[in-house]
Every structure is written in structure tokens, then in C-alpha cells.
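Colleague: Handing you this structure, nothing more for now.
The values are calculated or read from the model by the stated rules, or taken from the named source; none is laboratory data. Since the model is a prediction, treat every value here as computed from it, not as a measurement. Heads up, the Cβs are rebuilt from the backbone with ideal geometry, glycines too, and the neighbour counts pull from every protein chain shown.
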Amino acid sequence: MNDRYSRQELFSPIGKEGQAKIRGKSVLIIGAGALGASSAEALTRAGVKRIVLVDRDYVDWTNLHRQQLYSEEDAENQLPKVIAAKNQLQKINRNVEIEANVMDMGIEEAEELISGIDLILDATDNFETRLLINDLAQKYQVPWIYGACVGSYGISYTILPGEGPCLNCLLDKIPANGQTCDTAGIIAPAVQMVVAYQTAEALKILVDDFKAVRRKVVTFDLWENQQMQLGMEKAKKKDCPSCGPNPSYPYLERRSELKTAVLCGRDTVQIRPSYNREIDLEEMEKKLVSNGNVRRNAFLLEVQSDSRRLVLFKDGRALVHGTKDIAEAKSIYHRFIG
Ligand SMILES: [Zn+2]
């Protein structure tokens, strides 16, 4: 048992000293889908002190082809992902504290979860939460690692507080209106590639090897055999409200949260995005068409998913019919719209 980490310690940039550092660190992983589950496994095996997991969803059969921690039994029992993950992670390494939070993380929860955290891994499926993470990380001076994948494509970017452009600086450079796993599908190796990039960066940060941290955005497409690194130095905005000299952390203000309201007596939840997102309904229709029943007119687009119906307007506002559950409505919104 004593030589459990010997091969990791033999790797000279980590060494025994690095391993001792890893052992003292706490990591917040936001999202326990494909990226979150695999990153959590990697860091549990690496021997961190504590992993804090947050996710609002439960294990579903459509997750099993890529979400490596989960089993058929978990899907059958509809176990919350963080609970299923914790069960599995504790079998892998009993010395790591795993904290499972079944929640839809908003600003208040985020400000509580950040306490004692050394690093944040982004494993969410939407930009709303990423912008919140970005402000949280800047405010509390915690590094965070952005990661996303869809189809055979993936992207990762490490954001160190007080350094290089943050996600808010890059907002108009990274497409926020792209495909999602529920519209374009996803292959497991694309997940594992992003996880490899994110957890390699995580190890560098956990052992305080900041010199080694990748300063560029890395993207790849495993099916198209493409790989790219993009320098972002010039994208830094001098007066960025998140990482500039006079930050206001706009996404940590209550009014910036995804606005949701249950429409009275209609079994419908209305959702309004916090940032300006014009939706090209024609493009969106093309993305969603393989997903089932889609209809569109000049003003709105409607997509049917099981007993739920999502109606999307040009300004990004949506109505989710067939539910009064705000968390479920948000989950449907992010699944289709991103
Ligand atoms: Zn910024």
C-alpha cells in the first residue's frame, strides 16, 4: 500500500514532494457527466485530499457508453450521478474524501462550495455555469480548467487567476451557441481526450508547477484528425469585469442568473439566459432535427422530447412545457441549446 503512488512519484516533475502536495489539495468538480466522472476518477487515483462533486442529474441509460464510472445498475436505480460516482470512487481509493452534492449549483451554492478549494474543474454542459465558475475563480483566486466536448471534437483551456484572458474576455471568441451531446452526439474517446488535457493541467497546478501550465486553448477533432493550439494573449480585455483591475464579477450577481419562472397554472417553466444570445432558429432547427420532432416559424422553434416540449425564441428565451420543475426545465434547456 505504501508504494501505491510510486510510479507517479518516479515521474520527476512530480516526485515525492509533488505527491505530498497532491495529497493536501482539494478539487471542486462541477458536473458529474462524462468529463466530471472521468476527471474525478483520475484525481482519486492520483491521491488528492478531497474531491467535491456537484451535479443535478441522475444516471441514465444514454450515459453509459461514455460515462465510465457508471453501471447498468446505477441507470436502473436512477441514482444521482454524484452518489453513483462517490460509491465507485471510494472503492478505488478509500483515502480520498469524496463529497457528493446533488444540486443545481447557483451563485449562493457556488460561494459555499469554493471554501478550501485549490482548483476547479469545469465539467458542465453550459456557458451560464462556466461564466459563474469564471467569476468565482477570479474572485477567490482559484485556478480553473475549462473543458468541453461534442461529437469527436473537444476543447480545453486553463485559466489562472490574475493571468491571461479569462472566459469572459473570450466570450465572443468561443462559440456558445454550438452543438450539444444531445443534438450532435458524442464518442467516448473525445471525452477521454479532454479529460487527459484537463487532468494533466490539474496535476501541474496541484504540484505548483505553474511554469508548465498550458497557456493556449487546445482543440482537437479525433474524427477529422485535427489538433490545434490557439494563443489567446491578445484577447485579454483591459477592463474585463471579471479579470480586469476593477472587477465587478457580473456573473456572481444575483440578477445575472439564468432567469426562470414557473408560469402560473400552465405546467410550464420560462427560461431567460443571462447573457445576450441571439439564436439562429434555422441553424438550430438543423441541429435538432435528428433529435425528433422539430417545428419552426419566423419567431420560434419547437422541439418535442418525450412528454416535454421546448419552445425557443430568437432572443434565447425558452418555454419548457410539461413540467413545473425548474431544475428539470434548465436541464432540458442546456441539453438542447447548450
Ligand atoms: Zn477577463
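Colleague: Test each condition in (1) closer than 19 Å to I159 by Cβ; (2) away from the ligand (no atom under 16 Å from the Cβ) for K91 and report the one that comes out false.
Modeller: (1)
Colleague: For D118, work out the one condition from (1) among the acidic types (D, E); (2) more than 29 Å from V213 (Cβ to Cβ); (3) surrounded by 15 or more Cβ atoms within 10 Å (Cβ to Cβ); (4) over 16 Å from the mean Cα position of the chain (by Cα) it doesn't fulfil.
Modeller: (2)
Colleague: Go through E283, E253 for me and flag whichever is modelled with pLDDT of 70 or more and under 20 Å from I174 (Cα atoms).
Modeller: On the way: E253 fails: under 20 Å from I174 (Cα atoms).
E283 is the lone residue from the list that is modelled with pLDDT of 70 or more and under 20 Å from I174 (Cα atoms).
Colleague: Could you check the range 48-144 for helices (runs of 4 or more DSSP H) lying wholly inside it with 2 or more residues that are closer than 30 Å to P241 by Cβ and either out of contact with any Ser or Thr (no Cβ under 8 Å at 6 or more places or on another chain) or assigned by TED's automatic domain parsing to the domain that holds V27 (or both)? Outline the logic, then answer.
Modeller: Details: elements: 72-76, 81-92, 107-113, 127-139.
Ranges flagged: 107-113, 127-139.
Colleague: Looking only at the range 287-315, count how many residues are farther than 16 Å from T183 by Cβ and at pLDDT below 85.
Modeller: Looking only at that region, the number is 8.
Colleague: Looking at P143, P80, P165 in this structure, which one is within 16 Å of the ligand (Cβ to nearest atom) and over 16 Å from the mean Cα position of the chain (by Cα)? Write out each step before concluding.
Modeller: Values: P143 fails: over 16 Å from the mean Cα position of the chain (by Cα); P80 fails: within 16 Å of the ligand (Cβ to nearest atom).
Matching residue, one of P143, P80, P165: P165.
Colleague: Here's another thing I want to ask about it. Go through I114, I159 for me and flag whichever is at pLDDT 95 or above, away from the ligand (no atom under 16 Å from the Cβ) and touching a helix residue (DSSP H, G or I) at 6+ places or on another chain (Cβ under 7 Å).
Modeller: Details: I159 fails: away from the ligand (no atom under 16 Å from the Cβ).
Criteria check complete, one pass: I114.
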